[in-house]
Structures are given as structure tokens and as C-alpha cells.
Amino acid sequence: MPKIDYPKYDNVITFDKTSSVYLTGTNHADNQPVHLKLKDPDLPINYTLEKFDEPAQRYCPAGVYEVQKENDVNKFVINSQNCIHCKTCDIKEPSQNITWVTPEGSGGPRYGNM
Ligand code: SF4
């Protein structure tokens, strides 16, 4: 598919991702048990990246999933502390490889700032 050229956010009705995630009031402890579980940890790089360009990098509204290159090797990174609990990854992952489980309590989201 051709790449969609989205207009840049205008800070009036559209905003950058980091500011929007901040507004959710989500604040997970960095060392809490992982609540985004991969059935097969190798699948994102060995299959989904080549087949679908790893869509988790784009469908997650909080930018939790990244593919990073380390010494010329791709690595799937999950920044679970930024998760805002929308559960899109649990539904949209093409191989149903991601399972969202309930995180530790009291980390938000709290939408009072919106
Ligand atoms: S539930 Fe999944 S898609 Fe939604 S914010 Fe969390 S990691 Fe991203």
C-alpha cells in the first residue's frame, strides 16, 4: 500500500503522541511485572516484520512497540510502562501473538487532565 502522508499535528485539534499519552495520566512503575505478553517472542522479528512491517509500531497509540536495530540486528522492544490500556494490540496483531493482561493497580489511566 502507498504510504499515507498525514498532516503534522496542529496543537489545536490534533497533538503529538507524547503529549497525548501524558494526558492519559498513565504512570506504570518501570519494574512492575510485564502485562504485554508475547506467545512467541521471536515472531515479531522473524515473521511479522517481514510480512507486515510489524504494524504494532503504528497501531499502538502510545508508541509502546518499537523495532530497533542493534549492531545490524533487529530487536522488538516493548515499552510497557507507556501502555494506556486500549487493548488494540490484543485485537489487531495479525497472528494474535500479543496478549494484554491486567497490569498492577493504581497506574492509571486517569483522564482528569483531558
Ligand atoms: S493496550 Fe496495546 S495498543 Fe493499547 S496502548 Fe497498550 S500496548 Fe499500545
Can you pull out the GluC sites (Glu not before Pro) in region 56-105 whose DSSP state is coil and whose Cβ has at most 16 other Cβ atoms within 10 Å?
GLU104
Among ASN11, ASN97, ASN79: highest mean-square fluctuation, GNM of the chain, C-alpha pairs under 10 Å:
ASN11
Let me know the Rg and Dmax you get for region 46-89 when you use only its Cα atoms, in Å.
11.0, 33
To the nearest 20 debye, region 17-102 has a Cα-centred charge dipole, built from +1 on Lys and Arg Cβ and -1 on Asp and Glu Cβ, of 300 debye
Taking the Cα of ALA29, stepping 7 Å toward and past its beta carbon, and measuring to each backbone N in region 66-92: which are under 18 Å?
80-83
Give me the log10 of I(q) over I(0) for region 17-102 at q = 0.12, 0.16, 0.21, 0.25 Å⁻¹, as the Debye formula computes it from C-alpha points; what are the numbers?
-0.35, -0.62, -1.04, -1.37
In percent, what relative contact order does region 17-102 have, based on Cα pairs under 8 Å that are 6 or more apart in sequence?
36 percent
Order by accessible surface, 1.4 Å probe, largest leading, for residues TYR9, TYR22 comes to TYR22, TYR9
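The values are calculated or read from the model by the stated rules, or taken from the named source; none is laboratory data. Everything quoted here is computed from the prediction, not taken from an experiment. Virtual Cβ from ideal backbone geometry, glycine too; neighbours counted across all protein chains shown. Note: areas computed on protein heavy atoms with side chains; ligands, DNA, RNA excluded. Shrake-Rupley method; radii C 1.70, N 1.55, O 1.52, S 1.80 Å.
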